[in-house]
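Novice: To start, I am sharing the structure in question, which I have written as structure tokens.
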Amino acid sequence: MPDRAGWVRPDLTGDLARGRVQRVLLWPDPVLLTRCDPAGYLTGPELRQLAADLLVTMYEAGGRGLAAPQIGVLRRVFVMDAGWKDGRPAPLIAADPEITAPSDARDTASETCLSIPGRPVDMDRPEAVTLNHYDLDGIFRSLRLTGPAARIAQHEADHLDGRLILKDPA
């Protein structure tokens, strides 16, 4: 079913279909400035439920990424789907992610944040990065991301360290 902007949320299967829409925390909630603990402290079922909740909340809110602290869970987990608004859904779940190997090429673009609605900020970021993370089965993955996917991953990883895109938090 299309949302208010006409985007069609992808159908989630298995455990991920059991997600519940959560309230997205808004600035200036101090939880958003807190560095998260490792996802490895979660049990498998807890991690799957968190991922499901993050995905359905992200799609419902019309975002392309969402980090666990944005729904009040201080664990190093984020989800993203760089292509769903273009009709190419590819949800990605990253537990204990690490951004490495930033490209020398950089790009400045306007970013928005579900936790800071209505306040886009121009951010300078590497055009490409490597995202190292664990998937829901505990398998280590390493992905080279470019363009919007790289930008989304960097934005969400910043949330896990308590960093926001705000230049002027007042």
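The values are calculated or read from the model by the stated rules, or taken from the named source; none is laboratory data. From a predicted model like this one, the values you see are computed outputs, not experimental measurements. Glycine also receives a Cβ, built like all others from the backbone with ideal geometry; neighbour counts cover every protein chain displayed. The accessibility values were calculated without ligands, DNA or RNA, using every heavy atom of the protein model including side chains. Shrake-Rupley method; radii C 1.70, N 1.55, O 1.52, S 1.80 Å.
Novice: Looking at residue 150 and the list (1) closer than 19 Å to residue 67 by Cα; (2) among the small types (Gly, Ala, Ser); (3) surrounded by fewer than 19 Cβ atoms within 10 Å (Cβ to Cβ), which single condition is not satisfied?
Specialist: Status for residue 150: all satisfied but (3).
Novice: Please list, ordered by residue number, the strands (runs of 3 or more DSSP E) wholly in segment 81-151 having 1 or more residues that are of a type in the set (S, T, N, Q), modelled with pLDDT of 95 or more and over 25 Å from residue 37 (Cα atoms).
Specialist: Because the criterion is at least 1 residues that are of a type in the set (S, T, N, Q), modelled with pLDDT of 95 or more and over 25 Å from residue 37 (Cα atoms), the strands (runs of 3 or more DSSP E) in segment 81-151 that meet it are 106-111, 140-146.
Novice: If only one of 90, 68, 61, 94 is of a type outside the set (S, T, N, Q) and touching a helix residue (DSSP H, G or I) at 6+ places or on another chain (Cβ under 7 Å), which one is it?
Specialist: It is 68.
Novice: Now for a separate question. Pairs only if they're at least six apart or on different chains, beta carbon under 9 angstrom, first in segment 19-33 and among the polar types (S, T, N, Q), second part of a helix (DSSP H, G or I) and open to solvent by less than 90 Å² (accessible area, probe 1.4 Å); list them, first residue then second.
Specialist: Once the first residue is among the polar types (S, T, N, Q) and sits in segment 19-33, its partners that are part of a helix (DSSP H, G or I) and open to solvent by less than 90 Å² (accessible area, probe 1.4 Å) give 22/53; 22/54; 22/56; 22/57; 22/70; 22/71.
Novice: Scanning for something over 24 Å from residue 12 (Cα atoms) and surrounded by 18 or more Cβ atoms within 10 Å (Cβ to Cβ), does segment 131-146 turn up at least one residue?
Specialist: no
Condition check ((1) under 16 Å from residue 74 (Cβ atoms); (2) in a loop (DSSP other than H, G, I, E, B)) across all residues:
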{"residue": "17", "(1), (2)": "no, no"}
{"residue": "20", "(1), (2)": "no, yes"}
{"residue": "23", "(1), (2)": "yes, yes"}
{"residue": "31", "(1), (2)": "yes, no"}
{"residue": "40", "(1), (2)": "yes, no"}
{"residue": "47", "(1), (2)": "yes, no"}
{"residue": "52", "(1), (2)": "no, no"}
{"residue": "55", "(1), (2)": "no, no"}
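Let's see how each residue does on (1) closer than 21 Å to residue 48 by Cβ; (2) among the charged types (D, E, K, R); (3) touching a helix residue (DSSP H, G or I) at 6+ places or on another chain (Cβ under 6 Å):
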residue	(1), (2), (3)
81	yes, yes, no
106	no, yes, no
131	yes, no, yes
147	no, no, no
152	no, no, no
160	yes, no, no
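Novice: Continuing with the same structure: Considering only segment 57-80, state which residues are assigned to a loop (DSSP other than H, G, I, E, B) and open to solvent by 10 Å² or more (accessible area, probe 1.4 Å). Reasoning before the result, please.
Specialist: Initial filter on segment 57-80 (assigned to a loop (DSSP other than H, G, I, E, B)): 62-64, 72-74, 76.
Scanning segment 57-80 gives 62, 64, 72, 73, 74, 76.
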